[in-house]
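None of the figures in this text is laboratory data; all of them are computed from the coordinates on show. Bear in mind that the values here come from a model prediction, so they are computed numbers and not experimental data. Don't worry about glycine lacking a Cβ; one is built from the backbone with ideal geometry, like all the others, and counts go over all protein chains shown.
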Amino acid sequence: MMDIGFRTLVCLPREDDIADLLKNLKNHFPSFNFSGTVVLNKVNYLGNTENHNMFHDMRLENRAQALYCCIFLWRSFVKEIGFVLGLKPYCKEKCVHDGSNMCDKTKLLVFSWSSFKTKVSALAMEVKKCSHLLIDRFSDISLSDDDIQNLNKLTRGISHLENQMQNCDITHSNVERIFGLGSGLGFDLEGIGFYITELNETRMNCLGLIEIVVNSIELPQLNDRKEFEEFCIKHSRTIICTPACSSQLHDLKLDSIDILLVDDAGQIRESDMLMPLSFSPRHIVMLGDHLHIQPMVKSEVCQDAGFGSSLFQRLSHIYSQKKILCKQYMINPSISQFMNEHFYEGRLEDGWIVKSDGYNNLLKKFPSYTYGFFDISAVDELREKGNFFVESAAVMGLLQSLCKGLTNDTGKINVGMVCLSYSKMDEMQNFLGIKYENHERINVEVSSLDNLSQKWYDVVILSSVFDDKSELPEGNKINVALTKSRHCLWIIGEAVKLGASGDTWQKLIANAKERRCCAKLNSKVLAKVMRQSEAYHQDRDRSTAANSALPKNIMQKDFTWTLSLSNLKSQYEHTVAGEFASEETKERGKRRLETALDILKDHGVIGHHKVEFEVKN
Ligand SMILES: [Zn+2]
């Protein structure tokens, strides 16, 4: 569709998606017209160098920069090389120069073969670069076939000249004579090698071509950066951006957009689609999953007002004619089974890739389920030491057995540890941090259900252990949580409590039991890992006790962590009390710093919320 000359505007929900799209296009459609594509967002792609450079060039500002080079620099470089090849800067009088660089009579340079060579080579490089750019950018726009032919002839001629200049037999005086600059009398062609005659012919040939291209090629008159950018956009077949960035197109009086292509349309708020839709595209194609992530809206007022819905969602409700894709190519069939039955009414088929041996080879040696529910309700410590203690031990147990099954040739496995809330995420991050931060076999990323959007993992450990702090997800959010892993999905939870809390969870557990993917953990199974993690929890309890001066509920708020100076000052005055004035002057600064740091060591940094504390109870 993109190759048949339609102007397409591609909208994606997030900036990160743009780099992913480009990468996928490059891998799967190498013939895609990348030179006719412009990206409006400032994507900072951090991939390999080749991709990075290619995608970097596609950014609007870089496209405009390249255009500037084409239009201004090309002309000036071509004129300059013409000037040098035409020997304009050199004195042509038959005067005696006595070794000086400048001629007294004409104030022009005195010809020297070596400096001529350096100058021509330097300019040749620029002329060739700009000419290639010009052909690349303007071949469809304002260059005739003749123009392109002449440009190619010129760059070939210049290369030829460069080669001929490398000949070591060429001497200064010979060149001077054939160029007609020498002080000698007339020409004596007999004494000059034929290669020098050829060199001069190439030079004259290039001069002729320069005159032709400079006079025949007409480039657009563009005056400032905005005009350059407009020109780039107007002459691009494909424009890629996020909906917000598409506003840049608004001032351009773009004649038409043939196709508006919206990917992950279910994640874009309706209001954000207004801008791309305002270009009155002739066709609109939306792709998305109405059962997956919905647009993010933080404010409850907006949420209630329906701000968090997508156009995609609305259309899929009111419009009966929709194309439903029924194949998935990302998830191991044993993981997709439940979500397919429960969310997609069994319509989803597993693509050949996920069914192939190659796809599942990665974790074949692994001695556990590809899909499993790990029930911790029977663990005695659950009541004595709290659910995080047991939950974290179960996570560690799973990670340990995963590492055991891995060999060096498996490569590094990406593990996603998904928690229900941000506070759980922080706790888990602290717990796993030290041990798994730089692990050689696995790469563990702890995330919360709310920031999962575009992430994929090889293995996902989903903790469904909930309490008053973390709410259990409902509806689509469960689907999101269950569809983030390619190869293994392990769910940790309390089966009975979970089953009582919602229809979907109940079905999930029943399904796992039926498929014999449900493992009951008990104190005995977890004994070893619980012993190992004991030390961490003791440390943590101690530090929590130290913090008990702060009302407990404050801890869950989003804080701005600032150094409380007023508090430090009073602490300081308290500590040094009597001797405050008696400090030795020269020692004062050093001692004050030491005392202050000691206070900080004891009390830590105190966080203050910008707004007043809201203490419940
Ligand atoms: Zn002179």
Given a Förster radius of 56 Å and the C-beta distance between Val301 and Ser114 as r, what FRET efficiency does 1/(1 + (r/R0)^6) yield to the nearest 0.05?
-> 0.15
Two-site FRET efficiency, Glu93 against Asp140, from Cβ-Cβ distance with R₀ of 41 Å, rounded to 0.05 | 0.25
What order do you get for Tyr195, Tyr319 when you list them from fewest to most C-beta neighbours inside 10 Å?
-> Tyr319, Tyr195
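Among the listed pairs Lys128/Lys234; Lys42/Lys424; Lys26/Lys119; Lys42/Lys117; Lys327/Lys435; Lys119/Lys234, give every one whose C-alpha distance is greater than 31 Å.
Values: Lys128/Lys234 26 Å; Lys42/Lys424 33 Å; Lys26/Lys119 39 Å; Lys42/Lys117 42 Å; Lys327/Lys435 39 Å; Lys119/Lys234 37 Å.
With Cα atoms farther than 31 Å apart: Lys42/Lys424; Lys26/Lys119; Lys42/Lys117; Lys327/Lys435; Lys119/Lys234.
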Alpha carbon centre of region 253-291 versus region 388-406: separation in Å?
-> 44 Å
Amide H contacts under 5 Å for Ser309, restricted to residues at least 5 apart in sequence or on another chain and with H modeled in the peptide plane, are Glu270
For 504-514, 422-432, ranked highest to lowest by mean beta-carbon neighbours within 10 Å, the order is 422-432, 504-514
Can you give the FRET efficiency for His172 and His52, using 1/(1 + (r/R0)^6), R0 = 51 Å, r = Cβ-Cβ distance, to the nearest 0.05?
-> 0.65
Amide H partners (placed H, <5 Å) of Leu261, local residues excluded = Leu9, Val10, Cys11, Val285
Counting only residues 5 or more places away or on other chains, whose amide H sits under 5 Å from the amide H of Ala519 once H atoms are built in the peptide plane?
-> Phe373, Phe374, Asp375
Karplus-derived 3J(HN,Hα), 6.51/-1.76/1.60, for each residue of region 162-172, Hz, glycine and proline x | 4, 4, 5, 5, 6, 4, 6, 6, 6, 10, 4
Using only the Cα atoms of region 388-496, build the gyration tensor, take square roots of its eigenvalues as a ≥ b ≥ c, and label the shape rounded, prolate or oblate: rounded if a/c is under 1.5, else prolate if a/b is larger than b/c, else oblate.
-> prolate
Which three lengths, in whole Å and largest first, does region 333-542 cover when its Cα atoms are put on their principal axes?
-> 52, 43, 32
How do 11-21, 392-402, 336-346 rank on mean C-beta neighbours within 10 Å, highest first?
-> 392-402, 11-21, 336-346
Mind checking the full-extension length gain between Glu227 and Asp20? Use 0.36 nm per residue of separation minus the Cα-Cα distance, one decimal, nm.
-> 71.6 nm
At 20 °C in a medium of viscosity 1.002 mPa s, region 240-338 has a Stokes-Einstein diffusion coefficient, with Rh taken as the Kirkwood radius over alpha carbon pairs, in µm² per second, of 140 µm²/s
Grab the Cα-Cα distance for His250 and Arg531, subtract it from 0.36 nm times how many residues apart they are, and report the gain in nm with one decimal.
-> 94.9 nm
So for region 62-216, using the alpha carbon gyration tensor with a ≥ b ≥ c as root eigenvalues (a/c under 1.5 gives rounded; past that, a/b versus b/c decides prolate or oblate), I'd call it prolate
Quick one: which of 205-217, 489-501 comes out on top by average Cβ neighbours within 10 Å, and what's the full order, highest first?
-> 489-501, 205-217
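What ranking of Arg225, Arg269 emerges when the number of other C-beta atoms within 10 Å of each C-beta is taken as an exposure proxy, fewest first? All intermediate terms of the calculation are to be shown ahead of the outcome.
On the way: Arg225 12, Arg269 19.
Ordered by Cβ neighbours within 10 Å, fewest first: Arg225, Arg269.
Counting other C-beta atoms within 10 Å, which of Ser523, Ser464 has the fewest, and how do the rest follow?
So the residues, fewest neighbours to most, are Ser523, Ser464.
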Diffusion constant of region 315-356 at 10 °C, which comes from Stokes-Einstein with the Kirkwood Cα-pair radius and 1.306 mPa s, µm²/s | 141 µm²/s
